[in-house]
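The values are calculated or read from the model by the stated rules, or taken from the named source; none is laboratory data. Because the structure is a prediction, the values reported are computed rather than measured. Here the Cβ is made from the backbone with ideal geometry for all residues, glycine too, and neighbour counts use every protein chain on show.
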Amino acid sequence: MGTARTPKDRWIEEGLRALAEGGPDAVRIEALAKALGVTKGGFYGYFTDRNALLEAVLDTWERRSTDDVLDRVEHDGGDAHAKIQRAGALTLSPDLLPADLAIRDWARRDEAVAERLRRVDNRRMDLLREMIGTFCADPDEVEARSLLAFCLRIGEHFLAADHGNRSRAEVRALAADLVLKRRPT
């Protein structure tokens, strides 16, 4: 009877966790094996090397951040505002946000990662343009609102400011309402 191998997706999940916690340098075969409680030998049954794992980690992040989010947004339905809010909540959920931020940092130093991030962000912006375009006809305004909505969701994680007597969630909701508000006709 042979020993059961650690499934490939467990290596990828542990790689995502390590990436989110410490960036790409933290994605080390020996450290992942230790965290999984296995030897590193099983790793090579799935991956040729660390770079192959990093590609699989990025592939998984990209799929979850785009295809899975878009599928869920379409499945759950609702108006444009609800779809934008859902996409933002899913995209920057506690499960995806840490990896997203680590990948953004990594992309500053690696052109291939930057290109992948650009592709993901373009898909996210396409959804915003499409949804905002349902209630805003001016293409320049659609683009500006899309940028503001996306920057609001990403940038708020880097802001350490207080908001007086309002919570961060309240101020974020107010800002989102301003960006996504239909203009009177």
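Quick check: is even one residue across region 163-178 of a type outside the set (D, E, K, R) and within 20 Å of Arg123 (Cα to Cα)? Among the residues of region 163-178, at least one is of a type outside the set (D, E, K, R) and within 20 Å of Arg123 (Cα to Cα), which makes the answer yes. The selection criterion, being free of Cβ contacts under 8 Å to residues at least 12 places away in the same chain and crowded, with 18+ Cβ neighbours inside 10 Å, holds for Ala33.
Taking (1) part of a loop (DSSP other than H, G, I, E, B); (2) more than 20 Å from Thr60 (Cα to Cα) in turn, Pro94 satisfies each apart from (2). Scan region 137-185 for residues that are free of Cβ contacts under 8 Å to residues at least 12 places away in the same chain and of a type in the set (Lys, Arg) and the total you get is 2. Filtering Leu54, Leu97 for residues that are under 28 Å from His157 (Cβ atoms), among the hydrophobic types (A, V, I, L, M, F, W, C) and without any contact (Cβ under 8 Å) to a residue 40 or more places away in the chain leaves a single hit, Leu54. When each of Arg64, Arg86 is tested for being out of contact with any strand residue (DSSP E or B) (no Cβ under 6 Å at 6 or more places or on another chain), surrounded by 15 or more Cβ atoms within 10 Å (Cβ to Cβ), in a helix (DSSP H, G or I) and without any contact (Cβ under 8 Å) to a residue 24 or more places away in the chain, the lone residue that passes is Arg86. Filtering Gly45, Gly23, Gly15 for residues that are surrounded by 17 or more Cβ atoms within 10 Å (Cβ to Cβ), touching a residue at least 12 places away in the same chain (Cβ under 8 Å) and not hydrophobic (A, V, I, L, M, F, W, C) leaves a single hit, Gly15. Filtering region 8-46 to residues that are assigned to a loop (DSSP other than H, G, I, E, B) and either at pLDDT 95 or above or in contact with a strand residue (DSSP E or B) (Cβ under 7 Å, 6 or more places away or on another chain) (or both) leaves Gly23, Val27, Arg28.
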